[in-house]
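What follows is a set of notes on a single structure, which appears directly below.
The values are calculated or read from the model by the stated rules, or taken from the named source; none is laboratory data. Everything quoted here is computed from the prediction, not taken from an experiment. A quick note on method: Cβ atoms are made from the backbone with ideal geometry, for glycine too, and the neighbour counts reach across all protein chains shown.
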Number of protein chains: 4
Amino acid sequence: MSGSSLGKLFTVSNFGESHGKAIGCVIDGCPAGMSLTESDIQQELDRRKPGTSRHVTQRQEPDTVKILSGIYEGKTTGTPIALLIENQDQRSKDYNNITQSFRPGHADFTYWHKFGIRDPRGGGRSSARLTAPTVAAGAVAKKWLKEQYGIQIRGYMSQLGPIHIPFKQWEDVPTNPFFAPNAEIVPELERYMDALRKEGDSIGARIEVVAENVPIGLGEPIYDRLDADIAYVMMGLNAVKGVSIGAGFESIAQKGSEHGDEITPEGFLSNHAGGILGGISSGQDITVSLAIKPTSSIRIERRSINTDNEPVMVQTLGRHDPCVGIRATPIAEALLALVLIDHILIQRAYQT
Amino acid sequence: MSGSSLGKLFTVSNFGESHGKAIGCVIDGCPAGMSLTESDIQQELDRRKPGTSRHVTQRQEPDTVKILSGIYEGKTTGTPIALLIENQDQRSKDYNNITQSFRPGHADFTYWHKFGIRDPRGGGRSSARLTAPTVAAGAVAKKWLKEQYGIQIRGYMSQLGPIHIPFKQWEDVPTNPFFAPNAEIVPELERYMDALRKEGDSIGARIEVVAENVPIGLGEPIYDRLDADIAYVMMGLNAVKGVSIGAGFESIAQKGSEHGDEITPEGFLSNHAGGILGGISSGQDITVSLAIKPTSSIRIERRSINTDNEPVMVQTLGRHDPCVGIRATPIAEALLALVLIDHILIQRAYQT
Amino acid sequence: MSGSSLGKLFTVSNFGESHGKAIGCVIDGCPAGMSLTESDIQQELDRRKPGTSRHVTQRQEPDTVKILSGIYEGKTTGTPIALLIENQDQRSKDYNNITQSFRPGHADFTYWHKFGIRDPRGGGRSSARLTAPTVAAGAVAKKWLKEQYGIQIRGYMSQLGPIHIPFKQWEDVPTNPFFAPNAEIVPELERYMDALRKEGDSIGARIEVVAENVPIGLGEPIYDRLDADIAYVMMGLNAVKGVSIGAGFESIAQKGSEHGDEITPEGFLSNHAGGILGGISSGQDITVSLAIKPTSSIRIERRSINTDNEPVMVQTLGRHDPCVGIRATPIAEALLALVLIDHILIQRAYQT
Amino acid sequence: MSGSSLGKLFTVSNFGESHGKAIGCVIDGCPAGMSLTESDIQQELDRRKPGTSRHVTQRQEPDTVKILSGIYEGKTTGTPIALLIENQDQRSKDYNNITQSFRPGHADFTYWHKFGIRDPRGGGRSSARLTAPTVAAGAVAKKWLKEQYGIQIRGYMSQLGPIHIPFKQWEDVPTNPFFAPNAEIVPELERYMDALRKEGDSIGARIEVVAENVPIGLGEPIYDRLDADIAYVMMGLNAVKGVSIGAGFESIAQKGSEHGDEITPEGFLSNHAGGILGGISSGQDITVSLAIKPTSSIRIERRSINTDNEPVMVQTLGRHDPCVGIRATPIAEALLALVLIDHILIQRAYQT
């Protein structure tokens, strides 16, 4: 059951559990010679960390990252970069009552059957907390992509439950805890979340990620395509149930004369392809959408069973994000960065 | 630029171009001792092959598969199974006029920039013809999954352009060229396609795939998740722009109290999860949806450029599927089979 | 039981059995734009093929290679190159008598226990015949290494059983069937082999392989080292029981003041390292030695058991190489080429 | 430049430098449900650790291992096990004088050229210190192999420079710092080492490793063979220049009638094969030999160059093992354990 690594040349190996001693990752294959400090990584972790608004989990985790290896005199040496985040705020007792029951919609059930043992503290390894090492590794990738290729990767929330969020401007994204690209709609989002929290319920969301200045030619024709790899990392993010690129599910009802992006000497006239043709990047912006399901851990009582297959009612107290989508934007950005750096390194192997 | 292989234990390595000598694949890691004949594979290839109705490409390809290795006295030996499909109907001349131009929506542009050379005959390696080896490998996987675990993998078309196709019964699927699970709607689909063909345009479609009797526990917690691997293979299928599992994009507007599937001693009460919780199979049916874009090769003239970056008008004659989604169902089934067999073999490694 | 592929970026997937329809391989990851014809590959296959002298197996196999894909207008397209060698001279009847017995020293025993089924015709997949696809893939690698980097890879026999073969000159190697770098010793080798053939016995050999003009910097510090990868491919060659690099087993009795190669501004003063320091190429010639065991298939009767664990006497008739080492030189060269091209491509990914 | 991971199902990802903050590894794919404590791992680390006799480096490193993840209530959970060893005794100043020069026989030269930057402190990542995480991971593998299959993996020194060490009994191995299986010869080894240390020179050694009770059937026919994987890990161990299995280089002068191990219903009559036939384990003991070169870091002055390609004399002070072979035995055992566990897990995937 290995399978905790991502990437072919730039690989990230993830480890840890929500309430174990530490979480972290090993980045292997980062090019030598790039300046890298812990604060380069910390700033991305801070965008994802819990406890930053009343709309996310109140667990207090500074998520302070330590670089254990791979840096000498402030520069990457080309050898593995181990990143460590020690867990601080461990309240295992909150979880004792649900150890023997399976929360509906949660990984409890599948972990139990798969491993025959599971660490119930905070969901163990199934916790969204394990996205922190991904964000940390993504920060390294993002920095390199920016410095070497001018690639910019940004994301935003485009829908919170029933509320569509019209894109206004990128500048609004960092001004609110939702990563909404439209400051005017934020009060509505806050009212919605406040009501939801009172109900003890949770809600889904939709996230968009965009990569600009991507070189042409990333991805292979069959199987190791760029779109396939993007779908892989995004669908693998906790709570994601759908991934689309470019026109996505809108393509179904489009005709070829509408969908196919016309080209002029000055460039493409539209971007239904989302920057990928035949599995290979076209140089247009790469645009990806994620459908994120509502958090499974809710206060509302639900029917379930325990490990003896007896019926039980399950109510999840503890501290949980009522909308896991709210903190998903920086993670999705990190995942896209990890896919791109890997494909760019592979492309370099074949350039003359 | 390796990257033409799929799978960790049960691997498939794909080769060939649309109008080269042959296409095929090598299956490595198939368990020994299974009866396997060419006709086991041929029957799946026949479901995908061109020329079977007026709604698909009229290229005449029998797609006859030959097993070159890995079988002794009618049984798999546990060594690589090489499958060969010789190309018959090669009409390279149809493509000469587009060699130097890029068809909008097509991989011409990206292949040219990536490799600096491309085989223009029938789209070369970017042709949907290269899904035939995938279907052939999937036939082997399907047979093993059925015999060893009783797993059944079936698919159908749920939408053709603007026309939603309500699910009636599985029995209807093989009775029409659309893989529509509803024979009554077929005349409407045919009328739609006939009109489209006259226009010289193309259209998108939506395909559903379902796997039944899947063991609990397939997939790893982080990165090598079952949902991630499914998204990977499906998004990597030609023309796919979106993949969803279970409730998919509907999850965005769902509340946790609605989305999370309740459990009773008799089983789950719903399947919004699509059979996967925390990236791991739950034993419920795995349900996957694909959004397929309209074919890029259309008769309608479109603006584009040539390899000298000069404006040109491109009109694609030749023989093309006006809706690539029509033949996508058996391919999607094959891809799901390939993901499942790989994860089942990995699971077996850890069972006691 | 996948595991028939070699390489990370330039991968080779091998298939086939000694007396099946065909043997071959798929090369994935070959750079685009290189001229490549079947005769480029055939000339290397001809160096390895059987029946070229009375000292090797008399099986008549032209080993004619066909390129099925990956070439357009005489050039590699960057997509998979499938190579096919059809088997011609299949004399399965020679093997019928040994189907149920295990030849001492042979893979019969382990295949039987591993797979529960085995193709007994000519050793099935355990036959040295399966090195032909490796040689074919190596020919492609060699051509690229020569054209792009001026790398030359050559090998020779340095010992035939008890007879040491002093290196005289490279020019002698192609003049005799032993790949001996010393024409004067050839009559002695022939006399030895003639006597051995009369006895019905077989003998071991030692092969040396040298790569010149190798770039500095190939290989990773830990695990994916260049020396490790060389040892991997060489020990994986049929009948190899030992691999050494540079001073090899002589290093045991050397002092550091003798072994460590001193360096001057003009270069290294010796090459005990065999061109690799800390797992990474140093730019010196890479020198590798292989110890090859005697062929297991001999006419002399030997004690063994059958599949019912009953004692039997086994005598192998058929057509066999009395010294598998004689044809090993071109295979070892091919393997070294495959390792080098893979590491060079990886190195290019990181160069600036 | 990824490449710091080992294994397909049971993978080990290594990180760290000799004088960085910490070294360690992530084990991914360890089966769930095995009892595992830090002391299980510590006892193997203690066999390898420095400073245990006057014949090895005097660096004081307790090499205390911490388990950061993957264990819950004393048992493995099937998720990644991160192991951390903090560096204590960092004397970077000893190395300052050699930062700009290349020690003959050392990886300084190749790291410099490969990465353009190197951590000179204690050899950075090229230090034999980085074998500690391998030993730690190997301890986990060894425990599982012992408990699940009764496999025992043991090693010993068979030669120290010119002194052959006749095997007497396993019981003697832990009684002396050389891992010599013959207590009587230890005084001679000590005198030899004392003299060598006075000279400021170093010496090579030969190590044998044996695995007993190995299941039949491990390894694949072509490329992923068991012998190939053993050669890979062993040649990848610092300072190893040769690897052989069974009769090894003795096979060259053996005839087939001598080398091929005869079989009776009671078992094999000899073990020239070293437990591997056709790349697959035969159930006999697996026997492996390693040729280890003398340490490159010696007090005797040697000719070299600096990073400006100017001639310099290099003398290495600091604290070094005069014979790296002395501490190699537990590392070689660990490496063999890691290869075996990986192949056993793969075998399990195919067993019925």
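Points worth noting:
- Where A:Glu250 falls short, out of the listed (1) surrounded by fewer than 24 Cβ atoms within 10 Å (Cβ to Cβ); (2) within 27 Å of B:Val312 (Cβ to Cβ); (3) not polar (S, T, N, Q): (2)
- Where strands (runs of 3 or more DSSP E) sit wholly within region C:1-82, those with at least 1 residues that are in contact (Cβ under 8 Å) with a residue 24 or more places away in the chain and touching a Pro at 6+ places or on another chain (Cβ under 6 Å) occupy C:11-16, C:22-28.
- Residues within region A:207-224 that are surrounded by 16 or more Cβ atoms within 10 Å (Cβ to Cβ), more than 7 Å from chain B (Cβ to nearest Cβ) and within 23 Å of B:Asp108 (Cα to Cα), tallied: 5
- Checklist (1) within 10 Å of another protein chain (Cβ to nearest Cβ); (2) in contact with an Asp or Glu (Cβ under 9 Å, 6 or more places away or on another chain); (3) of a type in the set (A, V, I, L, M, F, W, C); (4) over 18 Å from B:Lys8 (Cβ atoms) applied to C:Leu6, failing item: (4)
- Of the set (1) in contact with a Gly (Cβ under 7 Å, 6 or more places away or on another chain); (2) over 20 Å from C:Thr52 (Cβ atoms), all apply to C:Ser202 but (2).
- Against the list (1) more than 9 Å from every other protein chain (Cβ to nearest Cβ); (2) farther than 24 Å from A:Asp46 by Cα; (3) among the hydrophobic types (A, V, I, L, M, F, W, C), the condition A:Leu345 fails is (1).
- Those residues of region A:302-311 which are assigned to a strand (DSSP E or B) and either facing chain B (nearest Cβ under 9 Å) or without any contact (Cβ under 8 Å) to a residue 24 or more places away in the chain (or both), in sequence order: A:Arg302, A:Arg303, A:Ser304, A:Ile305, A:Pro311
- Hits in region A:225-268 (condition: in a loop (DSSP other than H, G, I, E, B) and within 7 Å of chain B (Cβ to nearest Cβ)): A:Arg225, A:Gly236, A:Gly246, A:Ala247, A:Gln254, A:Gly260, A:Asp261, A:Glu262, A:Pro265
- Only one of the listed residues (D:Ile292, D:Ile331, D:Ile344) is at pLDDT 95 or above and farther than 30 Å from D:Tyr192 by Cα. That residue is D:Ile344.
Okay, residues lined up against (1) modelled with pLDDT of 95 or more; (2) within 11 Å of another protein chain (Cβ to nearest Cβ); (3) in contact with a helix residue (DSSP H, G or I) (Cβ under 7 Å, 6 or more places away or on another chain); (4) farther than 23 Å from D:Gly236 by Cβ:
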position	(1), (2), (3), (4)
D:Gly16	yes, yes, yes, no
D:Ala22	yes, yes, no, no
D:Leu36	yes, no, yes, yes
D:Gln42	yes, no, no, yes
D:Asp46	no, no, no, yes
D:Val56	no, no, yes, no
D:Glu73	no, yes, no, yes
D:Lys93	no, no, no, yes
D:Phe102	no, yes, yes, no
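- Any hit, region A:48-64, residues being of a type in the set (A, V, I, L, M) and more than 27 Å from A:Asp201 (Cα to Cα): no
- Members of region C:312-338 that are under 16 Å from C:Lys143 (Cα atoms) and within 11 Å of another protein chain (Cβ to nearest Cβ): C:Leu335, C:Leu338
- Scanning region C:250-278 for residues that are in contact with a Ser or Thr (Cβ under 8 Å, 6 or more places away or on another chain) and over 19 Å from D:Ile300 (Cβ atoms) yields C:Asn271, C:Gly274, C:Gly275, C:Ile276, C:Gly278.
- Test for B:Leu290: is it surrounded by 24 or more Cβ atoms within 10 Å (Cβ to Cβ) and more than 7 Å from chain A (Cβ to nearest Cβ): yes
- When we screen B:Gly242, B:Gly256 for residues that are more than 21 Å from B:Ala332 (Cβ to Cβ) and in contact with a strand residue (DSSP E or B) (Cβ under 9 Å, 6 or more places away or on another chain), the only hit is B:Gly256.
- Qualifying residue in region A:161-182 (condition: in a strand (DSSP E or B), out of contact with any Gly (no Cβ under 9 Å at 6 or more places or on another chain) and either more than 14 Å from every other protein chain (Cβ to nearest Cβ) or modelled with pLDDT of 95 or more (or both)): yes
- Among residues of region D:51-76, those that are out of contact with any strand residue (DSSP E or B) (no Cβ under 6 Å at 6 or more places or on another chain) and over 20 Å from D:Asp28 (Cβ atoms), counted: 14
- Answer from B:Ala132, B:Ala107, B:Ala141 - the residue that is buried (at least 17 other Cβ atoms within 10 Å of the Cβ) and more than 30 Å from B:Thr307 (Cβ to Cβ): B:Ala141
- Residue count for region C:306-352 under the criterion of being touching a strand residue (DSSP E or B) at 6+ places or on another chain (Cβ under 9 Å), surrounded by fewer than 22 Cβ atoms within 10 Å (Cβ to Cβ) and among the hydrophobic types (A, V, I, L, M, F, W, C): the result is 2.
- Candidates in region C:269-280 are the residues that are touching a residue at least 24 places away in the same chain (Cβ under 8 Å) and buried (at least 24 other Cβ atoms within 10 Å of the Cβ); of these, the one that is farthest from the other protein chains (Cβ to nearest Cβ) is C:Gly275.
- Verdict on A:Ala231 being free of Cβ contacts under 8 Å to residues at least 40 places away in the same chain and crowded, with 24+ Cβ neighbours inside 10 Å: yes
- Total residues in region C:180-206 satisfying the condition of being more than 15 Å from C:Asp321 (Cα to Cα) and buried (at least 16 other Cβ atoms within 10 Å of the Cβ): the figure is 6.
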